[in-house]
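Encoded as structure tokens, the structure appears first; notes follow it.
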Amino acid sequence: RREAELLSQWLDEMLAKHVLSQDFAKESGEKRKEALYHAKLILSICLRDIIRQVSVHCIERGLLIEKVLNNYINIYETETRGNLIDLNEIQEKHLEDILKIKSEAE
């Protein structure tokens, strides 16, 4: 119980310092990436420690939580890669359209 309380306190402090103090919408590209990286790192550390704590009492439950987390991360990363591919395709299409309009205007 004490470990969970300490972890909760640590999480609150880290989120306040690195995440909640940030306005991601107003940050520049690199600054936003850095802030989001810190947020993901903090949450990942916290989740891994929760899994460790749960595993002490029930290894099967800890392994199940870890399995769910890992699959969630894989799905999220796959979706993110797919979104980037879609975005690149849209940008390429717009560039083609712009070049076509410019050539027609000349």
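The values are calculated or read from the model by the stated rules, or taken from the named source; none is laboratory data. No experiment lies behind these values; they were computed from the predicted model shown. All Cβ positions, glycine included, derive from the backbone under ideal geometry; neighbour counts span all protein chains shown. We work out accessible area using only protein heavy atoms, side chains counted, and drop any ligands, DNA or RNA first. Shrake-Rupley method; radii C 1.70, N 1.55, O 1.52, S 1.80 Å.
Among the chymotrypsin sites (Phe, Trp or Tyr not before Pro) found in region 15-106, those both in a DSSP coil and sparsely packed, with 15 or fewer other Cβ atoms within 10 Å of their Cβ, are 24. Partner aspartates and glutamates whose Cα lies under 19 Å from the Cα of residue 102, excluding those fewer than 8 positions away in the same chain, are identified as 92. With a threshold of 32 Å on the Cα-Cα distance, the over-threshold entries among 17/93; 17/67; 33/93; 33/67 are 17/93. For the chain, carbon and sulfur atoms together expose 59% of the accessible surface, with a 1.4 angstrom probe and every protein chain in place.
Taking all protein chains into account, the per residue accessible area for the chain stands at 84 Å² (1.4 Å probe).
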